[in-house]
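What follows is a short report on a single structure.
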Amino acid sequence: MSDDGFHVTHWAGLDLEGPHVMGILNVTPDSFSDGGKFDHIDAALAQARRMVAQGASIIDVGGESTRPGATEVSIEDEIARVRPVIEALSNEGILVSIDTRKPKVMEAAAVAGAGIINDVTGLTGDPASMATALDLNLAVCVMHMQGEPQTMQAAPSYDDAPAEVFEFLAGQAEALMDGGMVPDNICLDPGIGFGKNLDHNLQIMARLDELVDAGWPVLLGASRKSFISKLTGAEVDQRLGGSLAAVMAGFGAGVSIFRVHDVAETVQALAVADAISHAL
Ligand code: 8Y4
């Protein structure tokens, strides 16, 4: 390691000696037209259990779509969607992250048993987010986003995208530490596709080693994202190859956690890459 020696070895109770996979579980009306109803909860639970059986260490439960054009979700609706899923999974001993920008949803998710807050605004989306995360004292994934979900892809602009993204993330980690959070609860994520054009995304992924060298655990979410289509033209359900290539690039740079749709394939790719890395 080419740094001063600061290096977090655990996050949210996970040993980061080897890579981990976070499986994506959407409980939005995009995927379930009537979020909160029994058969939809059952389908979500079945999908989550399948991903755990395939080797996922974390299930990321999201009840609010950040897609441009997605309809706003009220706090009450978002909680109604995610709470039963979080309760059931955490009762089964499954580590759950709550994908939300709303402090009230963070609190409800914590009560329901979530172990991780995954906030795509990096705790800047609501004035109360930072204080809520510190108060709940759960593990957090701090993600970088430029702008707002509705408009962030209109004109993303940076002088040096990796430098600016990594600087923001280090600052949020510092703020969490200043607020009393322990290092083992902090993970950083450059936010692929969130207010970034193709060049920005590629530069960030090419320089992930710089973020890893800061010592914090790093999470990468590149699964099926549109940069793959910009490079290959592949439709969203045909992006496994590109998604695995991004995972492999991140693994080589020292990324610890990978947020993906295709858990079995990603776990297999990481098992091979990890074994190769240990054969040296
Ligand atoms: C197909 C499917 C194409 C999904 C695009 C997408 C991240 C995240 C999202 C991420 C963390 C997404 C909630 C966007 N991305 N959380 N969340 N990191 N920590 N788009 O990169 O998956 S949602």
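Table: residues versus (1) surrounded by fewer than 19 Cβ atoms within 10 Å (Cβ to Cβ); (2) under 13 Å from the mean Cα position of the chain (by Cα).
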residue: L89; (1), (2): no, no
residue: L95; (1), (2): no, no
residue: I98; (1), (2): no, yes
residue: K104; (1), (2): yes, no
residue: V111; (1), (2): yes, no
residue: G115; (1), (2): no, no
residue: M130; (1), (2): no, no
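Given the structure, is S243 open to solvent by less than 50 Å² (accessible area, probe 1.4 Å) and part of a helix (DSSP H, G or I)?
Yes; evaluated as a whole, the condition is true for this residue.
Looking at L208, L220, which is the one that is buried (at least 23 other Cβ atoms within 10 Å of the Cβ) and modelled with pLDDT of 95 or more?
Only one candidate passes the filter, namely L220.
Looking at (1) more than 12 Å from the ligand (Cβ to nearest atom); (2) touching a Gly at 6+ places or on another chain (Cβ under 9 Å); (3) in contact (Cβ under 8 Å) with a residue 60 or more places away in the chain; (4) not aromatic (F, W, Y), which is the only condition I186 fails?
(2)
Kindly indicate whether any position in the stretch 164-179 is farther than 21 Å from D99 by Cβ, buried (at least 22 other Cβ atoms within 10 Å of the Cβ) and either more than 16 Å from the ligand (Cβ to nearest atom) or among the hydrophobic types (A, V, I, L, M, F, W, C) (or both).
Checked the stretch 164-179: at least one residue is farther than 21 Å from D99 by Cβ, buried (at least 22 other Cβ atoms within 10 Å of the Cβ) and either more than 16 Å from the ligand (Cβ to nearest atom) or among the hydrophobic types (A, V, I, L, M, F, W, C) (or both).
Hey, which of the strands (runs of 3 or more DSSP E) in the stretch 87-161, taking only ones fully inside, have at least 2 residues that are among the charged types (D, E, K, R) and without any contact (Cβ under 8 Å) to a residue 60 or more places away in the chain?
none
Tell me which residues, restricted to the stretch 38-87, are surrounded by 13 or more Cβ atoms within 10 Å (Cβ to Cβ) and at positive phi.
Once the filter is applied, which keeps residues that are surrounded by 13 or more Cβ atoms within 10 Å (Cβ to Cβ) and at positive phi, the stretch 38-87 yields only G55.
What's the number of the condition F258 fails, among (1) under 22 Å from S57 (Cα atoms); (2) in a helix (DSSP H, G or I)?
Evaluating F258 over (1) under 22 Å from S57 (Cα atoms); (2) in a helix (DSSP H, G or I) leaves (2) as the failure.
Taking L45, is it out of contact with any strand residue (DSSP E or B) (no Cβ under 8 Å at 6 or more places or on another chain) and under 13 Å from I24 (Cα atoms)?
When the stated conditions are applied, L45 passes them.
Picking from F227, F194, which residue would you name as being within 10 Å of the ligand (Cβ to nearest atom), out of contact with any Lys or Arg (no Cβ under 6 Å at 6 or more places or on another chain) and assigned to a loop (DSSP other than H, G, I, E, B)?
Answer to the check: F194.
The values are calculated or read from the model by the stated rules, or taken from the named source; none is laboratory data. These numbers come from a predicted model, not from an experiment. Cβ: placed from backbone, ideal geometry, glycine included. Neighbour counts: every protein chain shown. SASA here: full protein model, heavy atoms, side chains in, ligands and nucleic acids out. Shrake-Rupley method; radii C 1.70, N 1.55, O 1.52, S 1.80 Å.
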